[in-house]
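Q: Got a structure for you, questions after.
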């Protein structure tokens, strides 16, 4: 997520405003508002971008036809798709080239699912629940594979995969884990803090898949969980009879929002603080080459 934001910032520095971004660069309202103030224009469709302008594709990825339409209109394309999402796109294309039915585990309408489906539209079937996995029919049960959206609940996805494996013993796994390492780390951490908390506050936007999954994971562990955009969303009534509050954030939430929420809780009477750290994240992806290209003069 940070890579996608840095990509837009780099392009903005190189070309100056306006810079057009197709859909939200990441699913966080604060990030989007900040970029808008600096001259970024978010559009729903590449057709809304003036010909000859720069357009940045969001971290969630796009279907090949979107890129083709953008390039056909003479747009300079900067693809900020998360490399982990790009990996899923390549897996989908490889399976489709071998005429394998792809059971894509994800949420209907999510930008990432739409983009992945676009890389193998004739071969992809969306699976959202265990019930879907139990009912799906495929042309050839010996030629089936599954892929997943990168921001899903690890536990929920495992249940769906187990159902698919039982129904289709020959099903092929993705070459490597599709769910993002940052998503997995946050879910493990929220399990730890939820087990020790009366209330868990998850900082993230309502359209953020990984943030919503954190709320679900915390709730499944027995804690009351609330999704909040920032400190202004905290209702003091939530804190009645609460001894311990857990705070976590979705992958696209800026760190300064966490600091603001913690400060707000202090002002509401919180005293002791403890940081729970289960994993160190050192993975870094370079910016797309198009973002670092020199300006044409």
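The values are calculated or read from the model by the stated rules, or taken from the named source; none is laboratory data. The structure displayed is predicted, hence computed values, not measured ones. No Cβ is skipped: glycine too gets one built from the backbone with ideal geometry, and neighbour counts run over all protein chains shown.
Q: Residue 93 fails exactly one of the following numbered conditions: (1) closer than 16 Å to residue 292 by Cα; (2) surrounded by fewer than 22 Cβ atoms within 10 Å (Cβ to Cβ). What is the number of that condition?
A: Residue 93 satisfies all of (1) closer than 16 Å to residue 292 by Cα; (2) surrounded by fewer than 22 Cβ atoms within 10 Å (Cβ to Cβ) except (1).
Q: Just to be sure I understand, how many residues within the stretch 72-113 are over 24 Å from residue 133 (Cα atoms), in contact with a helix residue (DSSP H, G or I) (Cβ under 6 Å, 6 or more places away or on another chain) and not in a loop (DSSP other than H, G, I, E, B)?
A: 2
Q: Conditions first: (1) farther than 25 Å from residue 60 by Cα; (2) loosely packed, with under 14 Cβ neighbours inside 10 Å. Residue 168 passes all but one, so which condition is the exception?
A: (2)
Q: Still on this structure, I have one more. Going by what's in this entry, would residue 145 be described as over 24 Å from residue 27 (Cβ atoms) and out of contact with any helix residue (DSSP H, G or I) (no Cβ under 8 Å at 6 or more places or on another chain)?
A: No.
Yes or no, residue by residue, for (1) outside the structural domain of residue 75 (by TED's automatic domain parsing); (2) part of a helix (DSSP H, G or I); (3) without any contact (Cβ under 8 Å) to a residue 12 or more places away in the chain; (4) over 19 Å from residue 288 (Cβ atoms):
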{"position": "7", "(1), (2), (3), (4)": "no, yes, no, no"}
{"position": "12", "(1), (2), (3), (4)": "no, yes, no, no"}
{"position": "21", "(1), (2), (3), (4)": "no, no, no, no"}
{"position": "24", "(1), (2), (3), (4)": "no, no, no, no"}
{"position": "27", "(1), (2), (3), (4)": "no, no, no, yes"}
{"position": "33", "(1), (2), (3), (4)": "no, yes, yes, yes"}
{"position": "36", "(1), (2), (3), (4)": "no, yes, yes, yes"}
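Q: Just need a number here: residues in the stretch 203-233 that are assigned to a loop (DSSP other than H, G, I, E, B) and either in contact (Cβ under 8 Å) with a residue 24 or more places away in the chain or crowded, with 17+ Cβ neighbours inside 10 Å (or both).
A: The total comes to 9.
Q: Which of the residues that make up the stretch 127-153 are buried (at least 17 other Cβ atoms within 10 Å of the Cβ) and outside any loop (DSSP other than H, G, I, E, B)?
A: Across the stretch 127-153, the qualifying residues are 127, 133, 144, 145, 146, 147, 148.
Q: Sticking with this structure for a sec: Hey, could you check the stretch 182-202 for residues that are in contact with a helix residue (DSSP H, G or I) (Cβ under 7 Å, 6 or more places away or on another chain) and outside any helix (DSSP H, G or I) and say which is surrounded by the fewest Cβ atoms within 10 Å (Cβ to Cβ)?
A: The selected residue is 199.
Q: Continuing with this model, one more query. I want to confirm something. Restricting to the stretch 248-275 and keeping residues that are touching a helix residue (DSSP H, G or I) at 6+ places or on another chain (Cβ under 6 Å) and not in a loop (DSSP other than H, G, I, E, B), which single residue is surrounded by the fewest Cβ atoms within 10 Å (Cβ to Cβ)?
A: Per the stated criteria, the residue is 260.
Q: When the stretch 154-165 is examined, which residues are found to be surrounded by fewer than 16 Cβ atoms within 10 Å (Cβ to Cβ) and either out of contact with any helix residue (DSSP H, G or I) (no Cβ under 9 Å at 6 or more places or on another chain) or not assigned by TED's automatic domain parsing to the domain that holds residue 117 (or both)?
A: Residues satisfying the conditions are 158, 165.
Q: In addition: Inspect the stretch 276-288 for any residue being at pLDDT 95 or above, more than 23 Å from residue 56 (Cβ to Cβ) and assigned to a loop (DSSP other than H, G, I, E, B) and give the result as yes or no.
A: No, that holds for no residue.
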